[in-house]
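Below is one structure, written out as structure tokens; comments come after it.
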Amino acid sequence: MATLLCLSIPASATTFSLVDIEGRNHQLENYRGKWVLVNVWATWCPPCVAEMPELEALHKSRSDLTVLGVSVDGEPAAKVTDFAGKLNITYPIIVGNLSIAQPFAPKGFPTTILYDGNGQEVFNKTGKITKEEITRVIKQASAARRQ
């Protein structure tokens, strides 16, 4: 396992550069044309853990969406990796502490931010989300863009 955090803490969330537990760099600008869902979470947060299967279902069902899980535990990467593994999470996990989440301005946990294919934030929610909720937001945002 690679130890990781963040290559750089972005000035704004739309310029983020995050490194996951596999050592892969994730920058919003590299996902042009795809939806990007950033989920800020912690292992000690029951709603965070409860929504992880929903995020995994999104990750597996939508080729037009990238899910990034940003852990703010401040724990070693191996501990967070083991935790995510026990939940069968396969989407990229970024390990960090509260400072890594600052660009996303979470008011609590979990916090979920959805960016459209142009890198524009279209959804920001504190609290548990569902696959259906995100699917509905994507459908509505896509329809609004076509008008």
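Readers should treat all values here as calculations from the given coordinates under stated rules, not as data from a laboratory. Note that the coordinates shown come from a computational prediction; the quantities given were computed from them, not determined experimentally. Cβ sites come from the backbone with ideal geometry, for glycine too, and all protein chains shown count toward neighbours.
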- prompt: Anyone know which of ALA50, ALA101, ALA77 comes out most mobile in the 10 Å Cα GNM of the chain?
  reply: ALA50
statement: When all Cα-Cα pair distances of the range 3-147 are considered, the percent exceeding 25 Å is 19
- line: Within the under-11-Å Cβ sphere about GLY69, not counting GLY69, Lys/Arg +1 and Asp/Glu -1 give a net charge of -3
field: Over 26 Å between alpha carbons, listed pairs LYS86/LYS131; LYS86/LYS139; LYS60/LYS128; LYS34/LYS125; LYS79/LYS139
entry: LYS86/LYS139; LYS79/LYS139
field: Residue-averaged [θ]222 nm for the chain, counting only DSSP H segments that reach four residues, each worth -39500 (n - 2.57)
entry: -9500 deg cm²/dmol
